[in-house]
Structure formats: C-alpha cells, structure tokens
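To keep things clear, I will list the structure first and then write my remarks on it.
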Amino acid sequence: MSSSARSARTARLVPLAAALAFAVACSDSPGDRPCTLVAAVPGIGIDLDAATAARTESVQTHACWGGTCQDVTAKLFPSTGVGATSCTGEVCAAQATPLPGKHGNATLPGIVPGPVDLTLTLLDASGTEVGTRRITVTAKASYPNGPNCGADAAQAAVLVTDSGIIAK
C-alpha cells in the first residue's frame, strides 16, 4: 500500500476512532440502563365495551383536578388484540385482531398526580348525547423509561360500559 493510500485510510479512521472513544468514555457503566427520550401522553385513557362502543363515536370529557378544569373530546378508535402469532428462530410476529370495543385518549396537558373528577358525555355519529358517566379516578405519574429515569406525564384509565364506569 502506498504512503498516500495509508494516509487517506488513516484520515478516515481517526475520526471514527475518536467518536468511538468519546462514546465509550461518556457511556454509563455496563450495569446502568440509559434513559431515553420516550415520553408519555398526559390524560385519561378511555375504553368502551362492545355494547357502548356500538352506539358511541366520541367522548366529550370534562376533567377537574386541583382547581383546574379542562374540556376535551376524545376521538375513539376500534380496539384490537393479539391474534395469530408465529416465531422463526428468535424472531416472532403477531397479527392484530379486531375486538368489538373502542378506545381513545382524553389528552389533558398539565394534569398532575392525584384525584381527577371526570364527567364523560358519550356522543353518537351525529353528535347526539347517548349517555353520561361520572367518576373520580386517581391519576398517577407514568414512567415510560422505567422507574430509575424519573416520572413523566400523569395518567389514569377508565372502562365505560352500559351499566357504568370503572377505574382501571
């Protein structure tokens, strides 16, 4: 190999080696799990059973906590579950299977851990009210990166049925 080819090769490898050395020097110890930038959505997860979902297209949510109230509309989506699964070696796959219920999220910026008074107004496709449910739930801090990475958005979840509403 000529000296100019060696110089060009060295010029390409030096920055790569420096970047690798920097990454190793700045990384956590092998036993530590690094925190990522995964975030959580603040608010209330809403699940509807099949009977309630059949007549409900959206949910108007009135939520109050610590002297603050917000009104938001939760758009609903068809629920799915795990269908057929298969594995080839260490690689596995699963198919989504439709379920008869619906789900959505009432996004509530600023919600904090603690009691949240909820009034959910169920609306059909024309916007006509088909039911109202009230409950107090406890929003809890979420830890999307694990408990050692600090708390993120406060969240709670409810299940709405023909006979009422329960905290999940």
Exercise for review: Could you tell me which residue of the range 60-92 is surrounded by the fewest Cβ atoms within 10 Å (Cβ to Cβ), considering only residues that are over 17 Å from VAL112 (Cα atoms), among the hydroxyl-bearing types (Ser, Thr, Tyr) and out of contact with any His (no Cβ under 6 Å at 6 or more places or on another chain)?
Suggested key: THR88
Exercise for review: State all residues of the range 124-154 that are open to solvent by 30 Å² or more (accessible area, probe 1.4 Å) and assigned to a loop (DSSP other than H, G, I, E, B); if no residue qualifies, say none.
Suggested key: ASP124, ALA125, SER126, GLY127, THR128, TYR143, PRO144, GLY150, ALA151, ASP152
Check your understanding: Limited to the range 100-118, what total is found for residues that are surrounded by fewer than 16 Cβ atoms within 10 Å (Cβ to Cβ) and touching a Ser or Thr at 6+ places or on another chain (Cβ under 8 Å)?
Key -> 5
Check your understanding: Can you tell me which residues in the range 131-168 are farther than 14 Å from LEU120 by Cα and touching a helix residue (DSSP H, G or I) at 6+ places or on another chain (Cβ under 9 Å)?
Key -> TYR143
Exercise for review: Determine whether THR121 is part of a strand (DSSP E or B), in contact with a strand residue (DSSP E or B) (Cβ under 7 Å, 6 or more places away or on another chain), closer than 22 Å to SER163 by Cβ and in contact (Cβ under 8 Å) with a residue 12 or more places away in the chain.
Suggested key: yes
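The values are calculated or read from the model by the stated rules, or taken from the named source; none is laboratory data. As the structure is a computational prediction, the values presented were derived from the model and not from experiment. Using ideal geometry, Cβ is built from the backbone for each residue, glycine included, and neighbour counts are taken over all protein chains shown. Only protein heavy atoms, including side chains, enter the accessible area calculation; ligands, DNA and RNA are left aside. Shrake-Rupley method; radii C 1.70, N 1.55, O 1.52, S 1.80 Å.
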